[in-house]
Amino acid sequence: MKLTDYLKDLNAGKKFKPTANLGYVYAPNCIRRCLRLSQEEKLVLFEIYSLYNEEKGYAFPTQQTLAMYVGVSSSSISKALKRLEEKEFITSYGAKGKKKRYIPNFSLHENPYLVLSETFHFVTKVINKHIPEELCGAWGNKMLALVNVKKEYEFTEKDMYGNFIKSFDKNATSSELITFITQYISDTYHIELDIDWKGETKKSKEEKPVTPQPHYRKYNNRKINEPELDENEKEQLRNWMIEQGVEVEDL
């Protein structure tokens with residue numbers, strides 16, 4: 001049996017009796033492997049994707065629900081949600097004590113964390129082809145040390161990668177990071193990296209992405225017990241969604 005077929009069976013709940021979690025959520029590798037996004041943050045983000053209601057334009061799980069799904073405490077969920085907002089992967093709406101609404105960011109192609117993470121992975125993939133074999137994994141560890149600094153050093157002068165995030169400019173920062181990493185590896189190992197980055201970038205854009213198979217979501221039409229909004233809350237929510245660039249239908 002092919003792995004893809006086996007996973008499809010799991011999606012449909014065929015291998016479980018009983019089952020409670022049918023279907024799956026799209027998890028792009030660029031997000032799944034995003035640097036400076038913790039595993040907890042990724043899991044919470046994927047839950048929001050999974051619970052996102054296309055008609056309403058938001059997801060509305062409680063923190064207790066997310067805690068149950070992810071398997072961590074509500075306080076951990078609260079921290080993860082706060083960090084996801086700070087990193088601009090989601091926005092949230094809702095007064096204190098009320099059920100919050102979460103909108104995934106639809107401009108992730110401009111998100112500093114994601115753009116620089118993809119740049120980092122692209123650079124390491126290309127440099128790996130030009131590195132002497134005897135260096136093997138040593139240079140990779142040096143690269144990761146640039147990204148994985150101690151918490152107390154984040155966004156300080158000891159955090160070069162964090163400073164690229166902090167001063168992000170979509171028109172320049174990726175190129176600057178490529179130049180910095182190339183020079184960093186050259187200086188560290190005293191080797192000359194003669195790489196045609198313009199050509200490599202063009203080649204990467206021509207690579208065909210993996211096309212995902214249609215996914216099984218039998219539960220899409222289920223009714224969810226969501227509390228009704230009063231007219232004032234609807235108006236506030238409608239205005240907020242327009243500000244976020246989300247097409248608004250009747251709430």
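The values are calculated or read from the model by the stated rules, or taken from the named source; none is laboratory data. Bear in mind the structure is a predicted one, so any value in this text is a computation, not a measurement. As a convention, Cβ positions derive from the backbone with ideal geometry for all residues, glycine included, and neighbour counts pool all protein chains shown. To get the accessible areas, we keep the full protein, side chains included, count just its heavy atoms, and leave off ligands, DNA and RNA. Shrake-Rupley method; radii C 1.70, N 1.55, O 1.52, S 1.80 Å.
Tabulated results
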read-out	value
Scan of the stretch 46-80 for residues that are open to solvent by 30 Å² or more (accessible area, probe 1.4 Å) and on the phi > 0 side of the Ramachandran plot, ordered by number	GLY71
Residue tally, condition more than 16 Å from LEU35 (Cα to Cα), touching a helix residue (DSSP H, G or I) at 6+ places or on another chain (Cβ under 9 Å) and not β-branched (Val, Ile, Thr), over the stretch 131-152	4
Which listed residue, of PHE120, PHE106, PHE60, is aromatic (Phe, Trp, Tyr) and under 30 Å from TYR184 (Cα atoms)	PHE120
Looking only at the stretch 81-130, and only at residues there that are polar (S, T, N, Q) and either open to solvent by 60 Å² or more (accessible area, probe 1.4 Å) or part of a helix (DSSP H, G or I) (or both), the one that is nearest to GLN64 (Cα to Cα)	SER117
Residues of the stretch 1-44 classified as open to solvent by 40 Å² or more (accessible area, probe 1.4 Å) and in a helix (DSSP H, G or I), total	13
Residue that is modelled with pLDDT of 95 or more, of a type in the set (Ser, Thr, Tyr) and more than 23 Å from ILE165 (Cβ to Cβ), where the choices are SER38, SER73	SER73
